[in-house]
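Encoded as structure tokens, the structure appears first; notes follow it.
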Amino acid sequence: MDELMVRIENVTKEYKLGQIGGTTLQESIQRFNAKLLHKEDPTKKIGASEEQYGEKFLALSDVSFDVKKGERVGIIGHNGAGKSTLLKLVSRITAPTSGFIGLNGRITSMLEVGTGFHAELTGRENIYMNGAILGMTKKEIDAKMEDIIEFSECRKFIDTPVKRYSSGMYVKLAFSVAAHLDSEIMIMDEVLAVGDMAFQKKCLDKMTQVSKDEGRTILYVSHNMNTIRQLCDRVIVLNHGRVTFDGDVEEGISIYMDEEECSQKEIDLTACKRTHDHASMGEVVLERIVSDRDSGWRIPVTEKLEFSIHLKANKDLENVGFRMGLSTADGFAITVFLAPNLFSCKKGEKITIPLQADTSLLAPGKYVMTAVLYGVNEYGAWSFYDHVGNAVIFEVENQLGFNENMDWDPRHWGHVKLPELAVTGSIIKK
Amino acid sequence: MLEQKENFRTEITSEHKLMDLHLKETLGYKDLILLFVKRDFVASYKQTLLGPLWAVIQPLLTTIVFTFVFGNLAGLTTADIPGEFVIPGFLFYMVGNVCWGYFSNTISATSGTFINNRGTMGKVYYPRLVSPISTAISKLIPFAIQFAMIAVFWLFFVIRGGTSIVISPMLLFIPLLILQMIFLSVGLGIIISSLTTKYRDLTMLVSFVLQLWQYACPVAYGLELIPKQYMALYMLNPVVPIITTFRYAIFGVGYFSLFYYLISWAFSLIVFFIGLILFSRIERTFMDTV
């Protein structure tokens, strides 16, 4: 079982910042011409500093590690740490800027659920399609067809076009195909985030089982630490494109949690990955979230969170609402704060809104905030303007006297300390 | 990393070899190519009443309009060589339109390879060449249907008689001509698709240039219309020998020049290989710029 399956050696991936691509031939010629005549670049945006233009961003810098056969490696890190870039390089979607990647075996990458599914084709046809895209031959798919249909729990609908499927069925079918591939290396990027809990568990069990029985190697990226715990036997922590930890799962997770910079007051969201795709995305953009406290995003238990959001409007809008979802660092949703009809805006405006969230009921621990700007029209249809998952991580710190100094164990007690029970009459003694 | 350098089945580095075209790997994905072809076919005719009949209707109507406008109204010649020949204008326009149709449809479809498939290609690896190859093949299906339509009309004219159409050994050229059309159109298509990952202007240009290019080909008129002094220049258009030879093959009379035919073949092959090289260069990192 010591066979080497994946080798990543000094891999670096560089992206040009600013407008990547999207240039026209005209701009390229203008720029080239200006360079020739030693003139100022006419396509440069006014106000953009010289250094900023063509600035490079290292998504991964000098990353090296080996993965042996049968290992299930979880890759964790914050937004922008380079997790997805790493998976993209290993699955050959884009090439590294420098370095070497060696793979010993067939690769299946599931960076998205149901890649290549075509709405007009039936479930069965899509199994062939998806399987072939992932690198199977028709014969191999035929041999596994029954297992795939069985696992997907979609037998009844297998000859119906997938455009009539519910999103849950879609996910189940797609995952079933991937889970039954005969590939030696499997790459997954948060694909399990969709689908119901029962199916999620079924998938994780299946993955663990094939990894143990057939020695399949798995690279898995997730923000959900519980799935990492269930599936992986090794963790690699990435931070700003570098490997900061490689080894035991629990240790890795705790290192990742500690890396959270809760002391930083201001959090820039412009570079964060947007976690939703909606037609109206980008009409108002969250640029920064700033805590009012000097201690940053660290607040004593029973106190309230005070902060301000900084937005930029790209369109005239009315009654934009702000929503802030809270989940544990493991990825479990706890609750949500709403601010419906918070503001209206005009195109080009920059808006700052001071807000207070009553977090006094939250138990000590780390929490992850998802920030969403949304709107509801008069017919009740909603739309997202911006959606940043894991926007802020804040910590509620334990204080002397909290919970009568009893240890708060979130595993048994949960994450919310509701008000104390009230006695509704006189206590009767007999 | 102390072990000796091992041999990996797949190695990914930043360097790219000029002639590394992944051809062998692409052939391993022949099932995927077939599935793409099937998908294109099924998807384009699903929920249509007439289905694959549309493949016939389009060129048929175009041919009727051409016969009326260019034949009857404008009175343009339908002869490729001077002489007393009777070529039915209807069949003349049909052959030209079907050939040109395959050529231009394949170019416009393959030129969108990277941009139209970025959703899939950004999420999973398969040899990127699979896409243009399957596009070229799936465009052959309507072409085959149209070719059958030509055969029906051709038989009609042959049996009815009264035209100069004769069955000649030139018919054997047809497979070669089809092959050449594939090379030329796929070659141009993948060159454009490689360039459009950076410069979107080209997508605007493609449909427009194809429209103009059609006028530079003997689709709506016979070769005889071209003045002698421009003939050499005109024949350098690689599509011209394809169309005229195709017509020669079908009618048994027409224009054929081995010299220009070979030039056109050479041009097609060169374009195809430039396309392959460019394509394999761009495919590695196009996701970063597209």
Single match in A:132, A:119 (criterion: touching a residue at least 24 places away in the same chain (Cβ under 8 Å) and either within 7 Å of chain B (Cβ to nearest Cβ) or outside any helix (DSSP H, G or I) (or both)): A:119
Count of the stretch B:26-61 residues which are more than 20 Å from residue B:109 (Cα to Cα) and small (Gly, Ala, Ser): 1
Cβ-Cβ under 9 Å pairs, at least 6 apart or on other chains, the stretch A:298-320 side closer than 20 Å to residue A:354 by Cβ and polar (S, T, N, Q), far side open to solvent by less than 30 Å² (accessible area, probe 1.4 Å) and part of a strand (DSSP E or B): A:308/A:289; A:308/A:290; A:308/A:291; A:308/A:353; A:319/A:343; A:319/A:375
Every residue from the stretch A:76-87 that is assigned to a helix (DSSP H, G or I) and either assigned by TED's automatic domain parsing to the domain that holds residue A:271 or farther than 15 Å from residue A:58 by Cβ (or both): A:87
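Given the criteria crowded, with 17+ Cβ neighbours inside 10 Å and within 14 Å of another protein chain (Cβ to nearest Cβ), does residue B:202 qualify? Break it down stepwise before answering.
Details: crowded, with 17+ Cβ neighbours inside 10 Å: yes; within 14 Å of another protein chain (Cβ to nearest Cβ): yes.
Yes, satisfied.
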Candidates A:92, A:106, A:72, filtered to the one that is within 30 Å of residue A:393 (Cα to Cα) and assigned by TED's automatic domain parsing to the domain that holds residue A:178: A:72
Selection within the stretch B:53-82 - open to solvent by less than 60 Å² (accessible area, probe 1.4 Å), more than 28 Å from residue B:139 (Cα to Cα) and touching a residue at least 24 places away in the same chain (Cβ under 8 Å): B:76, B:77, B:79, B:81
Hits in the stretch B:108-122 (condition: more than 8 Å from chain A (Cβ to nearest Cβ) and touching a residue at least 40 places away in the same chain (Cβ under 8 Å)): B:108, B:109, B:110, B:111, B:112, B:113, B:114, B:115, B:118
Conditions (1) more than 7 Å from chain B (Cβ to nearest Cβ); (2) touching a strand residue (DSSP E or B) at 6+ places or on another chain (Cβ under 6 Å): number failed by residue A:167: (2)
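Out of B:189, B:252, report the one residue that is small (Gly, Ala, Ser) and at pLDDT below 90. Talk me through it step by step, then tell me what you get.
Numbers: B:189 fails: at pLDDT below 90.
On inspection, the qualifying residue turns out to be B:252.
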Identity of the residue in the stretch A:382-410, of a type in the set (Gly, Ala, Ser) and surrounded by 19 or more Cβ atoms within 10 Å (Cβ to Cβ), that ends up nearest to residue A:291 (Cα to Cα): A:391
Selection within the stretch B:104-125 - surrounded by 24 or more Cβ atoms within 10 Å (Cβ to Cβ) and not aliphatic (A, V, I, L, M): B:106, B:110, B:111, B:113, B:114
Checklist (1) modelled with pLDDT under 85; (2) out of contact with any Lys or Arg (no Cβ under 9 Å at 6 or more places or on another chain) applied to residue A:16, failing item: (2)
Test for residue B:148: is it away from every other protein chain (no Cβ under 11 Å) and open to solvent by 10 Å² or more (accessible area, probe 1.4 Å): yes
For residue A:278: the one exception among (1) in the same structural domain as residue A:299 (by TED's automatic domain parsing); (2) crowded, with 19+ Cβ neighbours inside 10 Å: (2)
Residue count, the stretch B:272-290 (criterion: within 14 Å of chain A (Cβ to nearest Cβ) and over 14 Å from residue B:128 (Cα atoms)): 3
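May I ask you to say which residue of B:43, B:55 is within 8 Å of chain A (Cβ to nearest Cβ) and either part of a helix (DSSP H, G or I) or closer than 22 Å to residue A:94 by Cβ (or both)?
Numbers: B:55 fails: within 8 Å of chain A (Cβ to nearest Cβ).
So the residue among B:43, B:55 that is within 8 Å of chain A (Cβ to nearest Cβ) and either part of a helix (DSSP H, G or I) or closer than 22 Å to residue A:94 by Cβ (or both) is B:43.
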Helices (runs of 4 or more DSSP H) lying entirely in the stretch B:213-290 (those with 1 or more residues that are out of contact with any helix residue (DSSP H, G or I) (no Cβ under 7 Å at 6 or more places or on another chain) and open to solvent by 50 Å² or more (accessible area, probe 1.4 Å)): B:231-235, B:258-282
Number of positions in the stretch B:1-40 that are away from chain A (no Cβ under 11 Å), modelled with pLDDT of 80 or more and surrounded by 10 or more Cβ atoms within 10 Å (Cβ to Cβ): 4
Residue check for residue A:253: touching a helix residue (DSSP H, G or I) at 6+ places or on another chain (Cβ under 8 Å) and open to solvent by less than 20 Å² (accessible area, probe 1.4 Å): yes
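With the requirement that a residue be among the charged types (D, E, K, R) and in contact with a Pro (Cβ under 9 Å, 6 or more places away or on another chain), what does the stretch B:62-111 give you?
Across the stretch B:62-111, the qualifying residue is only B:80.
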All positions within the stretch A:87-106 that are open to solvent by 30 Å² or more (accessible area, probe 1.4 Å) and facing chain B (nearest Cβ under 7 Å): A:92, A:97, A:98
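Just to be sure I understand, how many residues within the stretch A:368-381 are over 13 Å from residue A:322 (Cβ atoms) and surrounded by 11 or more Cβ atoms within 10 Å (Cβ to Cβ)?
Residues of the stretch A:368-381 over 13 Å from residue A:322 (Cβ atoms): A:368, A:377-381.
Next cut, surrounded by 11 or more Cβ atoms within 10 Å (Cβ to Cβ) only: A:368.
Qualifying residue count, the stretch A:368-381: 1.
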Residue tally, condition among the small types (Gly, Ala, Ser), exposed (fewer than 15 other Cβ atoms within 10 Å of the Cβ) and part of a strand (DSSP E or B), over the stretch A:309-349: 2
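The values are calculated or read from the model by the stated rules, or taken from the named source; none is laboratory data. Note that this is a predicted model, so its numbers are computed, not measured. Glycine also receives a Cβ, built like all others from the backbone with ideal geometry; neighbour counts cover every protein chain displayed. Remember, those area values only see protein heavy atoms, side chains included, never the ligands or the DNA or RNA. Shrake-Rupley method; radii C 1.70, N 1.55, O 1.52, S 1.80 Å.
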